[in-house]
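The values are calculated or read from the model by the stated rules, or taken from the named source; none is laboratory data. Keep in mind it's a predicted model, so treat the numbers as computed, not measured. Cβ placement follows ideal geometry from the backbone for every residue including glycine, while neighbour counts extend to all protein chains displayed. For accessibility, only protein heavy atoms count, side chains too; no ligands or nucleic acids. Shrake-Rupley method; radii C 1.70, N 1.55, O 1.52, S 1.80 Å.
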Amino acid sequence: MTKILLGCIADDMTGATDLANNLVRAGMRVIQTTGVPAEPLDSQADAVVVALKSRTIPAEMAVKQSLEALQWLQQQGAQQIYFKYCSTFDSTPEGNIGPVLEALMKALDCNFTICTPAFPDNGRTVFKGHLFVGDVLLSESGMRQHPLTPMTNANLVQVLQAQCQVQVGLIDYRSVARGCQSIRESISVLRAQGAGAAIVDAISNDDLLRLGTALKDMPLVTGGSGLAMGLPQNFGINPSPVASELPPAQGWRAVVSGSCSVATNRQVVNFIRAGMPALAIDPLQIAAGIDVVSQALAWATPLLAHQPVLVYSTADAGSVHAVQTRLGACEAGALVEDAIAAIVLGLVQLGARQLIVAGGETSGACVQSLGIKRMTIGPQIDSGVPWCHARSDAAEGASLHIALKSGNFGSDDFFLKAFELLR
Ligand code: ADP
């Protein structure tokens, strides 16, 4: 059996890919699984990221799933466990970051861990325990109005303490700036004071690299994806292009998009302006019982052999609001996700083998309809989004290259740039 070094548990699908991408860039060969696998790992990897969908489910379910993931990762030989959450610390006063963190600590018999969602390359920095999104505090960012996890307090020590029994302390930027020894001393001091967890400041990649070195012997670490950049070095692994090698790409190219984020809207416009074929699908038509899936596949069939195609429900905020008012937000979301998931499977059955999926929830639905159980992580297209290689159990084991892009990631020319990278 192949043994892994680092075992990771991510609370959502595109967040898992973001973490995997950073580990690959730091030199690890990484496999991402959809949920907890039933079988042992049968291929070589330095790290496995188990992607859960546990961010906003009830806390006890998130704990249960995370413990199952932990047990599987331990069976694969993981020497260190990484619990990954969103770089905007998405959670509610009930969790799920705190309860999962405490359950993992208990299961690992670990009496201290650290937490930092910092990812300076993506504008997430932590200073004196306060999380900044770009130039503003978390509580002044768009996350204030998030429909599921509104973040109204940027003081992460307070936010985590509200979700935890263990005492939460702070390792501030001065200690981090002084390096590994200083960080370890801060950990000892906090432990002696009775703390079980600490938010750690990080305002630069160098901070995360120094922190990584200090965490060498910690059984459990927790954070956003940025913390990943400093961990592979502890296992004697350095950046190498070999880590991101994938089999050669083949087959036709397609993009499906159910993301309505600002960046995705720009990417759809850019693709259409480049003269590429694109078909919009309308949630109201789906709700009216029109078979948009068959229509989209009939439209794509003669085009696929010649150039990449795009099928999208992407729309601006006004149109989305109008649809949600008519259908309800959840119902509209589910209708569109189901339609796009069926379209992507149909496209693969027609011969598409290079796929881009835009949207976090949309990605989850597509991975499920394609029957993708695990992905090998390849080269980065844009920050947080790598190409991956997978097999589609729902399409007779078809070998696929797939990129899962969460809403606000990627440059305007992301779709065409991504296909170019695979050539
Ligand atoms: P993002 O990563 O940009 O947030 P997601 O896929 O996570 O994208 O979420 C977008 C949600 O919006 C999905 O549930 C999707 O089905 C839904 N949706 C997509 N297009 C529309 C539309 N035109 N009107 C209403 N809802 C839509």
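Just a few scattered comments:
- Relative to the globular-protein estimate of 2.2 N^0.38 Å, the Cα radius of gyration of the range 77-149 stands at 1.24.
- Each residue of the range 73-85 is assigned a 3J(HN,Hα), and the resulting list reads 5, 5, 5, 8, x, 3, 8, 9, 10, 10, 9, 9, 10 Hz, derived from the Karplus form 6.51 cos²θ - 1.76 cosθ + 1.60 (θ = phi - 60°), x at Gly and Pro.
- Potential extension, residue 240-residue 319 segment - 0.36 nm per residue separation minus Cα distance: 23.9 nm
- Contact order relative to length of the chain, as percent, for alpha carbon pairs under 8 angstrom and 6 or more apart: 18
- For the chain, the calculated P(r), taken from all Cα-Cα distances in 20 Å bins from zero up to the bin holding the longest distance, is 27, 57, 15, 0 percent.
- Estimated FRET transfer efficiency (residue 262, residue 42; beta-carbon r; R0 45 Å; 0.05): 0.65
- Coupling constants for the range 50-62 follow from the phi torsions by the Karplus curve (6.51 cos²θ - 1.76 cosθ + 1.60, θ = phi - 60°), and in residue order they are 8, 8, 9, 10, 10, 5, 10, 7, x, 4, 5, 6, 4 Hz; glycine and proline get x.
- For the range 49-112, GluC sites (Glu not before Pro) meeting the loop criterion (DSSP other than H, G, I, E, B) and having at most 14 other Cβ atoms within 10 Å: 94.
- Inter-probe distance in nm under a simple model that places probes 7 Å from Cα toward Cβ, at residue 294 and residue 412: 4.0
- Take residue 55: with every protein chain present and a 1.4 Å probe, its accessible area is about 40 Å².
- Backbone N within the range 180-207 under 16 Å of label point (7 Å from residue 167 Cα along the Cβ vector): 186-199
- Label-to-label distance for residue 189 and residue 68 is 4.3 nm, based on points extended 7 Å past Cα in the beta-carbon direction.
- In the context of the full set of protein chains, residues of the chain present 40 Å² of accessible surface per residue (probe radius 1.4 Å, heavy atoms only).
- Prolate/oblate/rounded call for the range 17-66, Cα gyration tensor, a/c under 1.5 rounded: oblate
- Rounded to the nearest 20 debye, dipole of the chain from Cβ charges on Lys, Arg, Asp, Glu: 620
- Given +1 at the Cβ of Lys and Arg, -1 at the Cβ of Asp and Glu and no other charges, the dipole of the range 121-232 around its Cα centre is 220 debye to the nearest 20.
- Placing pseudo-labels 7 Å out from each Cα toward the beta carbon at residue 250 and residue 79 gives an inter-label distance of 3.8 nm.
- For the Cα trace of the range 246-422, dividing Rg by the Kirkwood Rh returns an Rg/Rh value of 0.94.
- Applying the Karplus relation 6.51 cos²θ - 1.76 cosθ + 1.60 with θ = phi - 60° to the range 287-298 yields 3J(HN,Hα) values of 4, 7, x, 6, 7, 5, 5, 4, 4, 5, 5, 5 Hz, where x marks Gly and Pro.
- The simple Förster model, with R0 at 22 Å and r as the Cβ-Cβ distance, assigns residue 421 and residue 350 a FRET efficiency of 0.45.
- Portion, in percent, of the accessible area of the range 212-284 that falls on carbon or sulfur, probe 1.4 Å: 55
- Cα gyration tensor, the range 6-238 - rounded (a/c under 1.5), prolate or oblate: rounded
- Computed over the chain, the per-residue total of -39500 (n - 2.57) for DSSP H runs of n ≥ 4 gives a 222 nm mean residue ellipticity of -11500 deg cm²/dmol, rounded to 500.
- Protection proxy ranking for 216-223, 10-17, 124-131, using the average of other Cβ atoms within 10 Å per residue and placing the highest first: 10-17, 124-131, 216-223.
- Chain lengthening between residue 303 and residue 205 when straightened (0.36 nm per residue, less Cα-Cα): 30.9 nm
- Efficiency of FRET from Cβ geometry, residue 330 and residue 280, R₀ 25 Å, rounded to 0.05: 0.70
- For the range 115-225: rounded, prolate or oblate by the Cα gyration tensor [a/c cutoff 1.5]: oblate
- Net charge dipole, the range 246-422: roughly 360 debye, given to the nearest 20, about the Cα centre with Cβ charges of +1 for Lys and Arg and -1 for Asp and Glu.
- Square roots of 5 times each gyration tensor eigenvalue, C-alpha, the range 269-361, largest first, Å: 23, 15, 12
- Partners for residue 106 among lysines (Cα-Cα distance below 21 Å; same-chain residues under 8 apart left out): 64, 84, 216
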